[in-house]
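Throughout, read-outs are computed from the coordinates displayed, never taken from laboratory work. All figures in this text were calculated on a predicted structure; none of them were measured in a lab. Reconstructed Cβ throughout: ideal geometry from the backbone, glycine too, with neighbour counts over all protein chains shown.
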């Protein structure tokens, strides 16, 4: 039984194989309080932690997030035009000729249920000028926050 943090790819693969075995070993469901259930829960947490550290997913593109949600809800561009301020504006945003405004982001979140993170995380083009960035990071509270929250990303 694996009962420590996964540090290598081999340990990760062993844990995944063990999870697969535990899930498929019996026809009946695994009870959470039995030894197998506790092992499965622990392994799942360890695998999740390893994947977060080693297989970080890229932030979704906001336009792709909108299109995905539209597909889920069986919507067309004309259906969401009021959120954008008209059919033309929807087309401009979808073709990269216009950025999403704060109002659009809030309305997309409110009426289509798209997570705010999906609508704002994809904009990697927005950066601070070097001088302003240094001025901002001079504040220890902001610097410490950035170091904690963006360990695997490059800060612009």
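Here is how the numbers come out for the structure above:
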{"quantity": "Gain on full stretching of the segment that runs from residue 21 to residue 109 - 0.36 nm per residue minus C-alpha separation", "calculated": "27.7 nm"}
{"quantity": "Per-selection Rg to Rh, the range 82-134 - Cα, Kirkwood hydrodynamic radius", "calculated": "1.07"}
{"quantity": "Förster radius 41 Å - calculated FRET efficiency between residue 92 and residue 133, Cβ distance, rounded to 0.05", "calculated": "0.85"}
{"quantity": "The range 1-125, relative contact order in percent, only Cα pairs under 8 angstrom and at least six apart counted", "calculated": "25 percent"}
{"quantity": "The chain: angle of helix 102-112 to the longest principal axis, Cα-based, in degrees nearest 10", "calculated": "50 degrees"}
{"quantity": "Rg and Dmax [Cα atoms of the range 9-54; Å; Rg one decimal, Dmax integer]", "calculated": "11.0, 33"}
{"quantity": "Projected area, mean over directions - the chain, Cα convex hull, nm²", "calculated": "14.4 nm²"}
